[in-house]
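Right, one structure below, let's go through it.
Just so it is clear, none of the values below were taken in a lab; they were calculated from the coordinates. Everything numeric in this text was worked out from a predicted model, so none of it was measured. Note that each Cβ is placed from the backbone with ideal geometry, even for glycine, and that neighbours are counted across all protein chains shown.
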Amino acid sequence: MITTERAVHKEQLEQAFAIRTEVFVEEQGVPHEAEIDEYEGESSHVLVRYDGEPAGTGRVRSLDKVAKLERICVREKFRKAGIGAEIMKELEAIAREQGLTKAKLHAQTQAADFYEKTGYTIDSDIFMEENIPHVRMIKSL
């Protein structure tokens, strides 16, 4: 069973950071100092569990009155189980609660199809972040 939580307690945030470290740092080679950044405190974090086990996470923050969805990731063994869709749904709900009507994200090009299925459209040429090709994507909420 999939459950979604807003990560506000220390233990939840530690689990979210552990997922991000596993996916971005260990799997993809992003430097740890680039992964956990100065925006953690101003962001709203989501933690999704699969049968009670931490499976995926993401965060959202307001940037120039636009929801910026970031650090969206799912642990490898839980991919294709609908975790990513749950993360997106909850992050967008948080953005709407904050009165935001537009969302953007920087998608790794290999994940752009997933975001298109959730209603995002590509809004840029390919650019590099942490040596990984990305595109900017946008959506009206």
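Is it the case that the stretch 70-86 has a residue that's closer than 17 Å to Leu141 by Cα, in contact with a Lys or Arg (Cβ under 6 Å, 6 or more places away or on another chain) and not hydroxyl-bearing (Ser, Thr, Tyr)? For the stretch 70-86, residues closer than 17 Å to Leu141 by Cα, in contact with a Lys or Arg (Cβ under 6 Å, 6 or more places away or on another chain) and not hydroxyl-bearing (Ser, Thr, Tyr): present. Which of (1) over 23 Å from Val8 (Cα atoms); (2) surrounded by fewer than 18 Cβ atoms within 10 Å (Cβ to Cβ); (3) small (Gly, Ala, Ser) is the odd one out, the single condition Ala93 does not satisfy? Evaluating Ala93 over (1) over 23 Å from Val8 (Cα atoms); (2) surrounded by fewer than 18 Cβ atoms within 10 Å (Cβ to Cβ); (3) small (Gly, Ala, Ser) leaves (1) as the failure.
Restricting attention to the stretch 99-128, the residues that are surrounded by 13 or more Cβ atoms within 10 Å (Cβ to Cβ), aliphatic (A, V, I, L, M) and part of a loop (DSSP other than H, G, I, E, B) total 1.
Pairs are defined by a Cβ separation below 6 Å, a sequence spacing of at least 6 or placement on different chains, a first member in the stretch 116-130 that is more than 26 Å from Ala34 (Cα to Cα), and a second member that is surrounded by 12 or more Cβ atoms within 10 Å (Cβ to Cβ); the pairs so defined are Thr118/Met88; Gly119/Lys139. Scanning the stretch 93-120 for residues that are of a type in the set (Ser, Thr, Tyr) and either within 15 Å of the chain's Cα centre (by Cα) or closer than 20 Å to Asn131 by Cα (or both) yields Thr109, Tyr115, Thr118, Tyr120.
Somewhere in the stretch 8-15, is a residue within 21 Å of Glu92 (Cβ to Cβ) and in contact with a Gly (Cβ under 9 Å, 6 or more places away or on another chain)? The answer is no, given that none of the residues of the stretch 8-15 is within 21 Å of Glu92 (Cβ to Cβ) and in contact with a Gly (Cβ under 9 Å, 6 or more places away or on another chain). Filter the stretch 64-88 down to the residues that are in contact (Cβ under 8 Å) with a residue 60 or more places away in the chain and assigned to a helix (DSSP H, G or I) and list them by number. Of everything in the stretch 64-88, those that are in contact (Cβ under 8 Å) with a residue 60 or more places away in the chain and assigned to a helix (DSSP H, G or I) turn out to be Ile83, Glu86, Ile87.
Would you confirm whether or not the stretch 39-51 contains a residue that is surrounded by fewer than 15 Cβ atoms within 10 Å (Cβ to Cβ), in a strand (DSSP E or B) and aliphatic (A, V, I, L, M)? No: the stretch 39-51 contains no residue that is surrounded by fewer than 15 Cβ atoms within 10 Å (Cβ to Cβ), in a strand (DSSP E or B) and aliphatic (A, V, I, L, M).
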